[in-house]
Structure formats: C-alpha cells, structure tokens
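The values are calculated or read from the model by the stated rules, or taken from the named source; none is laboratory data. Because the structure is predicted, anything quoted here is derived from the model rather than measured. When we count neighbours, we look across all protein chains shown, and the Cβ atoms used for this are built from the backbone with ideal geometry, even at glycine.
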C-alpha cells in the first residue's frame, strides 16, 4: 500500500508538471510489474519516466531493472522521494534539454 507521504508527493509532482505545460498520467502495464509510476509527457515531444517513493525508500529490484532497461534504451528515468527532488526535476525539465 502506498504511503500517504508518497501520495502527497505524487500529487505535487502532477501539479508541478501541469504548471510547466505537461501531464503526468499514472502508468500501469499489465503483466509488467515494476514499471515506473508516472509517465511525464512534456512539450516538444519529451517523455520521462518517474518512480515515486516514500522519503528515503529505495527502488525495489524490479524497479531498478526497469530503470536500467529504460536508461539503456536512451530514456530518462527519475526516482523522486522528496519535495527537493520534485523541485530539481521541474527545474531540469523546464530547461527543455531532454
């Protein structure tokens, strides 16, 4: 079950992504456990994968595998577990370099 603090962070991420012109729908992929929680779809054809975690919680083995797979295919993957992470993520995405 998702931690309430993680839920609050996830709501904030969705709100902040919307503020920079993007969307961050929940991603589910039946039959593919461990996929990131959110697809962040940004202007300019940019898509980023985000795994939301409770503060200090590490990625689980399947989540690490997905992060490695996505990175190996040239996609960006972020683990976010704090407000500071969200702020850094939004700053980086706002640069438009991805």
Condition first: on the phi > 0 side of the Ramachandran plot, at pLDDT 95 or above and in a loop (DSSP other than H, G, I, E, B). Can you find one or more residues in segment 17-28 that meet it? yes
Among what's in segment 19-37 and is touching a helix residue (DSSP H, G or I) at 6+ places or on another chain (Cβ under 8 Å) and under 13 Å from residue 75 (Cβ atoms), pick the residue that is surrounded by the fewest Cβ atoms within 10 Å (Cβ to Cβ). 35
Quick one: residue 62 ticks every box in (1) modelled with pLDDT of 95 or more; (2) in contact with a helix residue (DSSP H, G or I) (Cβ under 6 Å, 6 or more places away or on another chain) bar one, so which box is it? (2)
Selection over segment 29-50 where residues are touching a residue at least 40 places away in the same chain (Cβ under 8 Å), within 15 Å of the chain's Cα centre (by Cα) and either in a loop (DSSP other than H, G, I, E, B) or closer than 15 Å to residue 83 by Cα (or both) yields a count of 1
